[in-house]
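Asks: Quick one: structure below, then a few questions.
The numbers here are math on the coordinates, done by the rules we state, and not lab data. Since we're looking at a predicted model, the values are computed, not measured. Methodologically, a virtual Cβ is constructed for each residue, glycine included, from the backbone with ideal geometry; neighbour enumeration extends over all protein chains shown.
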Amino acid sequence: MATAAPTALLEAALTTWRRTGAPEDAAALEAHARTALAGWTPPVTSSPRTLLAVEKLIDASSSFRVVLTPKNDPISHKDHFHIEANPSYATAAPRS
């Protein structure tokens, strides 16, 4: 689990990258993400009900546009999701 310091650094790097869009800020963001996630392992689930519950939450949210799941693409996504975010450009700073 990430500690407070790496998480705070990650949030600061994300804020900077969102403001600038600069490649070096993207690289710093990735480095902080790797540090924050070091040692983290995803929870193990033995139930398809867990994936279904997550799918329902994502579908109900307006934060995501496309969700590929075991339900709508069982051959390619039988055990995982692909999620496309629905960005909000209203709060994004213009990039030069």
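Asks: Give me the number: length gained by fully extending I58 to A12, i.e. 0.36 nm times residue separation minus the C-alpha to C-alpha distance, one decimal in nm.
Replies: 14.0 nm
Asks: Ok, one more. Give the peptides 65-78, 26-39 in descending order of average Cβ contacts within 10 Å, highest first.
Replies: 26-39, 65-78
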